[in-house]
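Q: First the structure, then my questions, so here it is.
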Amino acid sequence: MSSTGSPHFYTNLNEYRQSISRLLQKEELFEDVPSDWHVVITDILDSTQSINSGNHEVVNLIATGSIIAVLNIAHEAKTTIPFFFGGDGATLLVPSEILEDCLNALNEHQYNSFDNFDLFLRVGNMPVSEVYDNGYKLKLAKGKINEHLSIPIILGGGLHYVERIIKGENDSYKSPEVLKNILNLEGMECRWDRIKPPEDQHEILCLLVKACNRDDQGPVYKKVLDKIENIYGSHKKRSPISIAGLSLNATLDRINSEMKIKHGSRNFKFFLKRTFSTAVGKFYLRFNEEGQEYLNTLVELTDTLVLDGRINTVISGLKTQHDKLEKFLNKMESDAEIQFGTHRSKESIMSCYVRDRKDQHIHFVDGGDGGYTKAAGVLKTKFGSN
């Protein structure tokens, strides 16, 4: 296993331009995450109940905020880190040099989320060295999805081992005292209306796939991704996000939620600024050349495939295509190759991190009606704790 590493370990990783499916076959191209890095987990307690009560967008925005809080600290430290969006939480790999600041920021985010929305964001972390000591692998590569987007890819069960430990300690969680006022959620945006699929007859499928044998993740996930591409086409073709489906709609409730998450309280100046910028933004995106370019890049920078030791993906397709995929997955499941969960909806939702509107932005996508969370619930119901 890797012993110690630079805070720029992820920044300096090679970026592989071959297909993700092909990359998964080549474990020798993956590197051990340095043992002095840390796995940080955030997770909203009782998120399913909150989503069923109509708070899906708030749940997603809090989860997005937990990523942005850490990314802004990493940006200040002039480094980059891998992160994995999960709908109702997130997983991040963080160098020890910025860990304390990250945890303090997340604790403040936790406090604000509970104070404003009565939603408790669990925050936990574990040294990567402890993951290795317990017999789990944590191997990382960086794969190129398109010209604009690269994603981290994990092989091994290390992240989900940590997640299981953090989520298993419910009784010990309480809102910690905020040690520093360092939470920075600059760049967080939530102004898009619920997004219809690119085609009228399409449904949105949220899919989670877990290999039964951790040592077989590479070939098993290649098999699944190859079948997805065979049924739906390329990553771009099956994306739930299209320019035609995007519509700015910063309702008062949406602005209010974003304001409370970002600032922890009401902020009249922010409210006016966001309302005005949304009104202007509709003309900017429709009639301005830079606005059109932003939309084109946005579609390329949507985070619809997460590989964190599982496959987590959001797909747009016909009901017949989804049925065909599920039939294939059922066969793999009966052969004890995988366990999987799905959820279908008529729309997707998106929250955003925008440092600038040229190429420094990323967009987090979830299926409607609690897509990822509901799919995880199916997995848990079918197979118990996963």
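Q: Based on what the data block shows, is HIS363 touching a Cys at 6+ places or on another chain (Cβ under 7 Å), more than 23 Å from PRO82 (Cα to Cα) and not in a helix (DSSP H, G or I)?
A: no
Q: A further question follows. Which of the following residues is closer than 30 Å to ASN213 by Cβ and touching a Pro at 6+ places or on another chain (Cβ under 7 Å): LEU140, LEU155, LEU159?
A: Of LEU140, LEU155, LEU159, the one residue that is closer than 30 Å to ASN213 by Cβ and touching a Pro at 6+ places or on another chain (Cβ under 7 Å) is LEU140.
Q: Sticking with this one: Given the options LYS222, LYS210, name the one that is of a type in the set (Lys, Arg), touching a Leu at 6+ places or on another chain (Cβ under 6 Å), over 16 Å from ASP303 (Cα atoms) and modelled with pLDDT of 95 or more.
A: Exactly one residue qualifies, and that residue is LYS222.
Q: Of all the helices (runs of 4 or more DSSP H) wholly in the stretch 238-337, which have at least 2 residues that are acidic (Asp, Glu) and at pLDDT 95 or above?
A: The qualifying helices (runs of 4 or more DSSP H) are 319-334.
Q: Sticking with this one: Which of the residues belonging to the stretch 315-335 are touching a residue at least 12 places away in the same chain (Cβ under 8 Å) and either touching a Leu at 6+ places or on another chain (Cβ under 7 Å) or among the basic types (Lys, Arg) (or both)?
A: ILE315, GLY317, LYS319, HIS322, LYS324
This table checks each residue for (1) in contact with a Leu (Cβ under 7 Å, 6 or more places away or on another chain); (2) at pLDDT below 95.
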{"residue": "ILE165", "(1), (2)": "no, yes"}
{"residue": "ASP171", "(1), (2)": "no, yes"}
{"residue": "ILE182", "(1), (2)": "no, yes"}
{"residue": "GLU189", "(1), (2)": "no, yes"}
{"residue": "GLU203", "(1), (2)": "no, no"}
{"residue": "ASP215", "(1), (2)": "no, yes"}
{"residue": "ILE228", "(1), (2)": "yes, no"}
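Q: Sticking with this one: So for the stretch 31-44 (the condition being of a type in the set (Ser, Thr, Tyr), in a helix (DSSP H, G or I) and surrounded by 24 or more Cβ atoms within 10 Å (Cβ to Cβ)), does at least one residue qualify?
A: no
Q: Failed condition for TYR372, given (1) surrounded by fewer than 22 Cβ atoms within 10 Å (Cβ to Cβ); (2) not in a strand (DSSP E or B), with all others met?
A: Here TYR372 clears every test but (1).
Q: Can you say whether HIS322 is closer than 16 Å to ALA376 by Cβ and in contact with a Lys or Arg (Cβ under 8 Å, 6 or more places away or on another chain), as far as the supplied structure shows?
A: Judged against the criteria, HIS322 is not a match.
Q: Next question. What number of residues in the stretch 128-159 are in a loop (DSSP other than H, G, I, E, B), hydrophobic (A, V, I, L, M, F, W, C) and over 16 Å from the mean Cα position of the chain (by Cα)?
A: Result for the stretch 128-159: 1.
Q: If you check every pair at least six apart or on different chains, which have Cβ atoms under 9 Å apart with a residue in the stretch 222-242 that is touching a residue at least 60 places away in the same chain (Cβ under 8 Å) first and a residue that is among the aromatic types (Phe, Trp, Tyr) second?
A: Final answer for the pair search is VAL224/PHE328; VAL224/PHE340; LYS227/PHE328; ILE231/PHE328; ARG238/TYR232.
The values are calculated or read from the model by the stated rules, or taken from the named source; none is laboratory data. Computed from a predicted model, the values in this text were never measured in an experiment. With ideal geometry, Cβ positions are generated from the backbone for all residues, glycine too; neighbour counts draw on all protein chains shown.
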